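Structure first, then comments.
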Amino acid sequence: MKRIFWKRWGLPLILVLVFPFTIVLPKLGIINPYVNLVLKYVGINIILTVSLNLVNGYMGEFSVGHAGFMAIGAYTASLLTVWVFPHAAGPFIFPLALLAGGIAAGIAGLGIAFPSFRTRGDYLAIVTLAFGMIVKSVLENLDVVGGPRGFMGMDKLTSLAWVYICVILVIFLARNYVFSNFGRGVVSIREDETASELVSVNSRQVKVLTFVFSAFLAGIAGGLFAHELQFINPRSFTILKSTDMLVMVYLGGIGSLGGSILGATVYTLTLEGLRTVLQQLGISQEWRLVVAPLMLVLLMIFRPRGIMGLREFRFLTPHDERPEALAEHRKQIQATKRAKEVLP
Amino acid sequence: MQFYIQQILNALQVGSVYALIALGYTMVYGVLSLINFAHGDIFMVSTYLAFFFSTWILGLAAGLNPILIFVATLLVAMSGTALLAVVIERLAYKPLRNAPRISAVITALGVGLFLENFMVAFKPVGPAPRFLPALIPAVNYNIGGVMVSTIQVVIIVASALVMILLDVIVRRTMVGMAMRAISWDKFIVPLMGIPVDRVISMTFALGAAIAAVGGALYGMAYTMDPYMGIRIGWWAFIAAVVGGIGNIRGAMIGGFILGFVEIFTPVFLPSTYRDFVAFSLLLVLLIFRPTGILGRPMAQKV
Amino acid sequence: MTLLHIEHLTHYFGGLRAVQDFNLDLQPGELVALIGPNGAGKTTVFNLITGVYRPTEGKIIFQDQSLIGRHPYEIISRGIGRTFQSIRLFKELSVLDNVRIAHYTRAGYSPWEAILNLPHFTRQEARVCQEALELLNIFGMADLAETTSKNLPYGQQRRLEIARALATRPVLLLLDEPAAGMNPGEVEQLMETILWIRSEFKLTILLIEHQMRVVMGIAERIKVLDFGQTIAEGTPKEIQNHPRVIEAYLGEEVAA
């Protein structure tokens, strides 16, 4: 009895117990501001990686412009907390602002979803790239939000606690999506789009859902990002940012939530580690920017699926999808229904 | 009226450079079905090669005939860039010949970014913008109210010559025929005794050398910095797609169209809208006519 | 009621005429075979019925409703299942998942319910899993539920394709060369399987096949295509001795 309890509720319980620490530790200075910052970036990057993994990993599409969705989320959330609501309301409005940013980005996701009905592969890549560039270009021309100089004035609303909550929520929602009918539809499109339509998968619906959901998540990450830096400008959301996301997805593993967590964590920590190493060696920091593209190339040549390619951690798999549960179910059926074996 | 002629001339100048670079994209796509996102950055490297060589030579023998120096710079830039392109092809693209297209495209992206950031971090280069020394006397002529500079003329004429030469190579030589054959059917071609690997390497080299011509010419008229690959490379890429990627004449047409977009957009809209116009053009085209102006439609078999 | 009514179906690929004036009336429960040399247009007919292409001309009426212009997934949801000439399983997915995907339109929950993990979603997922496992069990493949489908032996893969097509609960089943690549023993089993599923699942079956043993063994009616045109139609006995059919397969000298 106790085992069943722990199996079902063990993980959620642990997550809840850790939560207070995310508030207390930074406040008491036990976690110094730098570590706090890095942890927050890890969290934001996890959300970004999950977002892109849905489209590139699970669906096998090729989006290179996700930074555009992040930008839309960042700007929307920031506009809300700086212009629309009084600063005092900040901490309470924050989740709403994030949500609004996500929704705005999600709507933009429709903009990519529709072209994806007719184009695939490299051509869709270019479409997403053009989209990212257009977003950046539009933001540069909108003087009302600061144009090329950027937008500022946000309060530092992104606390470790908020990042923690968002990461857990994002993974929960993504997991549910992936292990559902729609998630299976996503993967079937990757495997063989025509065949999937011919076994009743409504590929248009799946594409719209996936792009919108993915964009939504990127938008949330954007909002978190904006309220950490307290300043955003169009140049934060270029193809370099999209490349970071690509590296994290392909490093951690395509089609895997655990892979997304791994990729984001390893990558973020590696870059931070490099910062210190380069400092010690007296080499200029600019060499860090060479790392991401180099990793990307090496990954593509030697291990394109990434660390966890197409596999998933047990703790991220819903109980009913785990091998034991399926085996149980199967045995049940084999026992009760006599197998009408057509062929031995 | 003069204003428009002036602008058309400017558009031709810029368009020529775009066309030269677009050719590289289109040729590689033709043989490998790969969009070599690194091409714009290869172009960037070529301008730096031209810069370093010409400054070095001028440092050694300032009195030499500038035309000679110019030609030498051109040749050095072309061969150096061609070499770089072949190295990249062998190291990064060849291993992925049979991998899903996505891997190759992402790799190309990575290579391009690697080149950019490497040049920024590499001390002798650095992020600061530079000029190529003026190897061609920059004299301006006033023809009926229109300002024509020698550099402008050189760019337009040189580009035209290169494009004609390329057209001849592709249509009349064995190499060109091999290139075209590979673009139609990659698998049968080796069975016909054509050394596919070598032809592919030569395609890369040729595309890069042509881009280097554009690079050297560009460097004389404008400033250069490590991130110019993104700006110019992407515009040239749009040019290639607009014209129909895989189609050489399409690349030339596309280049000039983009030249016109660049010059004429500020006439009607604030100049900061240039990127927006260009990328919107790309988007619209991709949605309604993905194969571009001269491209061939692709069919799928079920 | 005629299950499937096809009238004057014609399709061009650019200048190439792939199918010309194809007509067919299928009654519920029939087992009809479509044969002809390679490139005769048989798979194209399947593609036209299932909405992969929109026919240049002609009518396709299924259960009194026109299928022309509808998306493939709509057509499949209306009760037409299909397999492919070359196996098109979802290679990286498990056997179970391959079958579960076919439940897409019948899953019974909305995206919201899925993303938020609501109870309705959990219940329906369990139902889908149950149905899929039961189907696999019938085919004797329940033990292989978690195997990645690309690791299955060839014969099993073909059976999985049929099982997957059946998971869409079709009324009409289109089988495209199901016996391709099978040895004689497997072919015998396949013939039994097809007859068995027809009666068990109350199907109407349209079959493309090159192996004459299968065609002559189980088909009630045969249509012969060559270069997109129907050159003969009739019972197996009639077709066996039909001069034009022999000519199409073996050439003029043999027919004469």
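The values are calculated or read from the model by the stated rules, or taken from the named source; none is laboratory data. For clarity, every value in this text was computed on a predicted model and none was experimentally measured. So basically every Cβ, Gly included, is an ideal-geometry build from the backbone, and we count neighbours across all protein chains shown.
When both residues are 6+ apart or on different chains and their Cβ atoms are under 6 Å apart, which pairs have a first residue that lies in the range B:171-191 and is touching a residue at least 12 places away in the same chain (Cβ under 8 Å), and a second that is surrounded by 11 or more Cβ atoms within 10 Å (Cβ to Cβ) and of a type in the set (S, T, N, Q)?
B:Met179/B:Thr203
Give the range C:50-74 a look and list any residue that's in contact (Cβ under 8 Å) with a residue 24 or more places away in the chain and out of contact with any strand residue (DSSP E or B) (no Cβ under 6 Å at 6 or more places or on another chain), or say none.
Hits for the range C:50-74 are C:Gly51, C:Tyr53, C:Gln63, C:Asp64, C:Tyr73.
Look through B:Ala221, B:Ala209, B:Ala239 and report the one residue that is among the hydrophobic types (A, V, I, L, M, F, W, C) and farther than 19 Å from B:Leu74 by Cβ.
From the options B:Ala221, B:Ala209, B:Ala239, the qualifying one is B:Ala239.
Out of curiosity, is A:Thr268 away from chain B (no Cβ under 14 Å), part of a helix (DSSP H, G or I) and β-branched (Val, Ile, Thr)?
yes
Pick from the range A:111-134 the residues that are in contact with a helix residue (DSSP H, G or I) (Cβ under 6 Å, 6 or more places away or on another chain) and more than 15 Å from B:Val284 (Cα to Cα): which of them is surrounded by the most Cβ atoms within 10 Å (Cβ to Cβ)?
Within the range A:111-134, the match that is surrounded by the most Cβ atoms within 10 Å (Cβ to Cβ) is A:Asp122.
Can you pull out every residue in the range A:242-262 that is in a helix (DSSP H, G or I) and more than 14 Å from chain B (Cβ to nearest Cβ)?
The answer is A:Gly252, A:Leu257, A:Gly258, A:Gly259, A:Ser260, A:Ile261, A:Leu262.
Among the residues of the range C:228-247, what is the count of those that are of a type in the set (A, V, I, L, M, F, W, C) and under 20 Å from C:Glu7 (Cβ atoms)?
Qualifying residue count, the range C:228-247: 2.
Any residue at all in the range C:181-190 that's surrounded by fewer than 16 Cβ atoms within 10 Å (Cβ to Cβ), assigned to a loop (DSSP other than H, G, I, E, B) and at pLDDT 90 or above?
For the range C:181-190, residues surrounded by fewer than 16 Cβ atoms within 10 Å (Cβ to Cβ), assigned to a loop (DSSP other than H, G, I, E, B) and at pLDDT 90 or above: absent.
Conditions: (1) over 23 Å from B:Arg180 (Cβ atoms); (2) surrounded by fewer than 24 Cβ atoms within 10 Å (Cβ to Cβ). B:Ser46 meets all but one. Number of the miss?
Every condition holds for B:Ser46 apart from (2).
Within the range A:85-130, track down each residue that is outside any helix (DSSP H, G or I) and either within 19 Å of the chain's Cα centre (by Cα) or more than 10 Å from every other protein chain (Cβ to nearest Cβ) (or both).
Correct list: A:Phe85, A:Pro86.
Which of the residues spanning the range B:67-87 are crowded, with 17+ Cβ neighbours inside 10 Å and over 16 Å from the mean Cα position of the chain (by Cα)?
B:Ile69, B:Phe70, B:Thr73, B:Val76
Scan the range A:295-320 residue by residue and report those that are in a helix (DSSP H, G or I) and crowded, with 17+ Cβ neighbours inside 10 Å.
Within the range A:295-320, A:Met295, A:Leu296, A:Val297, A:Leu299, A:Met300, A:Ile301, A:Leu316 qualify.
In a helix (DSSP H, G or I), within 15 Å of the chain's Cα centre (by Cα) and among the hydroxyl-bearing types (Ser, Thr, Tyr): is that true of A:Ser78 in this structure?
Criteria not met by A:Ser78.
Would you mind stating whether C:Thr147 is of a type in the set (S, T, N, Q), in contact (Cβ under 8 Å) with a residue 40 or more places away in the chain and farther than 22 Å from C:Gly81 by Cα?
In short, yes.
For the range C:160-179, state whether one or more residues are farther than 22 Å from C:Thr50 by Cα, touching a helix residue (DSSP H, G or I) at 6+ places or on another chain (Cβ under 8 Å) and touching a residue at least 24 places away in the same chain (Cβ under 8 Å).
So far as the range C:160-179 goes, no, none of its residues is farther than 22 Å from C:Thr50 by Cα, touching a helix residue (DSSP H, G or I) at 6+ places or on another chain (Cβ under 8 Å) and touching a residue at least 24 places away in the same chain (Cβ under 8 Å).
From A:Asn45, A:Asn56, grab the single residue that is among the polar types (S, T, N, Q) and away from chain B (no Cβ under 14 Å).
A:Asn45
So for the range C:99-113 (the condition being at pLDDT 90 or above, buried (at least 22 other Cβ atoms within 10 Å of the Cβ) and in contact with a Phe, Trp or Tyr (Cβ under 9 Å, 6 or more places away or on another chain)), does at least one residue qualify?
The answer is yes, given that some residue of the range C:99-113 is at pLDDT 90 or above, buried (at least 22 other Cβ atoms within 10 Å of the Cβ) and in contact with a Phe, Trp or Tyr (Cβ under 9 Å, 6 or more places away or on another chain).
For (1) of a type outside the set (S, T, N, Q); (2) crowded, with 24+ Cβ neighbours inside 10 Å; (3) more than 22 Å from A:Lys241 (Cα to Cα), each residue gets a yes or a no:
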residue: A:Ile47; (1), (2), (3): yes, yes, no
residue: A:Met70; (1), (2), (3): yes, yes, no
residue: A:Leu79; (1), (2), (3): yes, no, no
residue: A:Phe85; (1), (2), (3): yes, no, yes
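From the list B:Met44, B:Met27, B:Met1, pick out the single residue that is in contact with a strand residue (DSSP E or B) (Cβ under 8 Å, 6 or more places away or on another chain) and of a type in the set (A, V, I, L, M).
It is B:Met44.
Taking A:Asn181 and the conditions (1) free of Cβ contacts under 8 Å to residues at least 12 places away in the same chain; (2) more than 16 Å from C:Asn98 (Cβ to Cβ), which numbered condition does it fall short on, given that it satisfies the others?
The single condition A:Asn181 does not satisfy is (2).
Scanning for something touching a helix residue (DSSP H, G or I) at 6+ places or on another chain (Cβ under 9 Å), facing chain A (nearest Cβ under 10 Å) and modelled with pLDDT under 80, does the range B:273-284 turn up at least one residue?
no
Please go through the range A:301-325 and pick out each residue that is out of contact with any Phe, Trp or Tyr (no Cβ under 7 Å at 6 or more places or on another chain) and within 7 Å of chain B (Cβ to nearest Cβ).
A:Ile301 - this is the single residue of the range A:301-325 that is out of contact with any Phe, Trp or Tyr (no Cβ under 7 Å at 6 or more places or on another chain) and within 7 Å of chain B (Cβ to nearest Cβ).
Please work out which residue is surrounded by the fewest Cβ atoms within 10 Å (Cβ to Cβ), limiting yourself to the range C:51-62 and to residues that are of a type outside the set (Phe, Trp, Tyr) and within 12 Å of chain A (Cβ to nearest Cβ).
C:Val52
What pairs can you find where one residue is in the range B:263-282 and over 14 Å from A:Ala130 (Cα atoms), the other is assigned to a helix (DSSP H, G or I) and of a type in the set (Asp, Glu), and their Cβ atoms are less than 8 Å apart, with a gap of 6+ or different chains?
If the second residue must be assigned to a helix (DSSP H, G or I) and of a type in the set (Asp, Glu), the pairs left are B:Thr272/A:Glu140.
Would you check if there is a residue in the range B:186-202 being modelled with pLDDT of 85 or more, among the polar types (S, T, N, Q) and surrounded by 22 or more Cβ atoms within 10 Å (Cβ to Cβ)?
No.
Which of the residues spanning the range B:88-122 are more than 24 Å from A:Ser63 (Cα to Cα) and facing chain A (nearest Cβ under 8 Å)?
Correct list: B:Phe118, B:Val120, B:Ala121.
Please give the number of the condition A:Val208 fails out of (1) crowded, with 24+ Cβ neighbours inside 10 Å; (2) over 14 Å from the mean Cα position of the chain (by Cα).
Checking A:Val208 against (1) crowded, with 24+ Cβ neighbours inside 10 Å; (2) over 14 Å from the mean Cα position of the chain (by Cα), the one that fails is (1).
On the basis of being assigned to a helix (DSSP H, G or I), over 25 Å from A:Leu289 (Cα atoms) and away from chain A (no Cβ under 14 Å), does B:Ala158 make the cut?
It is true that B:Ala158 is assigned to a helix (DSSP H, G or I), over 25 Å from A:Leu289 (Cα atoms) and away from chain A (no Cβ under 14 Å).
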